[in-house]
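Structure record follows, encoded as structure tokens.
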Amino acid sequence: MAVEPQAVLLHTLRDLGYTDVKNGCEIGECGACAVLLDGEAVNSCMVLAMQADGADIVTNSGLGTMDKPHVIQESFADAGAIQCGFCTPGMVISTKALLDRNPDPSEAEIRDALSGNLCRCTGYGQIVDAVKLAASRLAGASSQREDARSNSKRGRELDSSNRVLESGDQTKVGGES
Amino acid sequence: MTVPAFNYLKPDSLAEALDMLATEPGAYPIAGGTNLMVDVRAGKLSPETMIDVGDLDELRGIVVKDSQMTIGGAVTIAELLRHEIIRQRVPVLFAAGKTFANTLIRNRATVGGNLVNAAPCSDTAPALLVLDAEVSLSSSSGTRWIPLTEFLVGAFQTQRRADELLMEVRFPIPPASSRGGFEKMGLRKISCMAKVDVAVMADFDERGACKDARIALGAVAPIPLRAEKAEASLVGTAFIARAPEKPVRCGEQVQDKTIEEAARLAGEAASPRSGSEYKRQVVYGLTRRILTAMATGIRDGEAS
């Protein structure tokens, strides 16, 4: 696709239909527009679309769907970590970035990882709970996968569910100047 | 929010980047964009062409050689925090990075960008000042190294010419006998601009006497200040050898007179930019906290 040189990744993604990337403050304060850019959680309002040319971009909707939510998304729902939901896609992205790098984070590490994501409804207690829940569920899934290596039938089932959980809808945004 | 129009160019090489900076009218380098995009939206900065230098290999490395560390201008704050030698050997810079904005910003914001932006509340500048850092500026006509103290000339003003790129920051890795610390006070714990930053580095002889001390104060003047009288008051003393038995908390008296005096002198060195007298008191408190932590090895709030 072609974009204007001054196009901001946030707007480009939303124009493409990825409206799960929320436009909050546009000054890098709130984190509602967070996406994974080559695996790093960043504010898409601070990135020129051209700077993301050729990069792997994962948004919240790329992690899971309503029918097949990601473990992190499910954990946010189960922990009641959502009120208005506007900050949630960014929270989920920051959580994914954290757990990819650190599968067993301390509470301080969780709060640090979410330090760029503001929630103005619920407070952060249930959000931190959701991240802990997601971490323990993902750890449970991976230890089950270990067990399953000696159990081929169960292994097949778990492998297929794992594929669903980890298959991100990876969108490439390019441009021509 | 609309973003004013500009051109965007992505050079394939450093030589091409420097050529673009020299020849493109109204060219401005961009890397993480975490300051730049805010300023462009606010109309404070109107570049005609953004030169994207964020992926240039020459700006992306952290190199340790001959006890010297050289950090590329486009290294992110997150990359600093993941670097084992910085974590272990350069605590003042590590601690400054930990207080920097928030995780999402740290993943994009660069060391060079933070210095070139030259905000009075920069968190990296005071830490790099006490490390005696120098920066290199390259243009198509050559490269020059200048001390960070000379690079920063005023609020949002540096010695960088429009055709120059901040390439690298370098400093001697503090010896194992040294200790340092960094404290920040803002309106909240995270995602805030500094109201006051204090950075300290000091080196000690085998008996624990201070050989050399550097204290820099951020956000209390247009550019970070060195608290020279406070530094001088520490040299020759053995304040880390007379460690208090527990960290000092806010409001508690420090027993060590050397620490108390150095903190008082640091507070006097502050010239608050907004005429806020309270900043002197904050400088005093943060300096006292850092020096006490250097003496005890325990940071305030970390004690059991």
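Bear in mind these aren't lab numbers, they're just calculated from the coordinates by the rules spelled out. Computed from a predicted model, the values in this text were never measured in an experiment. Here the Cβ is made from the backbone with ideal geometry for all residues, glycine too, and neighbour counts use every protein chain on show.
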Just need the relative contact order of segment B:57-172 here, percent rounded to a whole number, with Cα pairs under 8 Å and 6+ apart.
29
Give me the Kirkwood hydrodynamic radius of segment A:1-73 in Å, from all C-alpha pairs, to one decimal place?
12.5
May I have the pair-distance distribution P(r) for chain B, computed from all Cα-Cα distances with 20 Å bins from 0 and rounded to whole percent?
34, 54, 12, 0
Using Cα centres only, tell me the gap between segment A:63-115 and segment A:1-60 in whole Å.
18
Per-q log10 I(q)/I(0), segment B:4-157, q = 0.12, 0.19, 0.21 Å⁻¹ (Debye; single scatterer per alpha-carbon; no solvent)
-0.51, -1.33, -1.58
Once you order the gyration tensor axes a ≥ b ≥ c over the Cα atoms, which shape class does segment B:96-202 get: rounded for a/c under 1.5, otherwise prolate or oblate by comparing a/b with b/c?
oblate
³J(HN,Hα) computed for each position of segment A:51-61 - Karplus, 6.51 cos²θ - 1.76 cosθ + 1.60, integer Hz, glycine/proline x:
5, 9, 4, x, 7, 7, 10, 10, 9, 3, 5
Distance in nm between label sites at residue B:143 and residue B:55, each 7 Å beyond Cα in the beta-carbon direction?
2.3
Check residue B:6: other-chain or 5+ apart residues with amide H under 5 Å from its amide H, H built from backbone geometry?
A:6
Semi-axes of the equivalent ellipsoid for the protein assembly as shown, please: Cα gyration tensor eigenvalues, times 5, square-rooted, ordered largest first, whole Å.
39, 30, 20
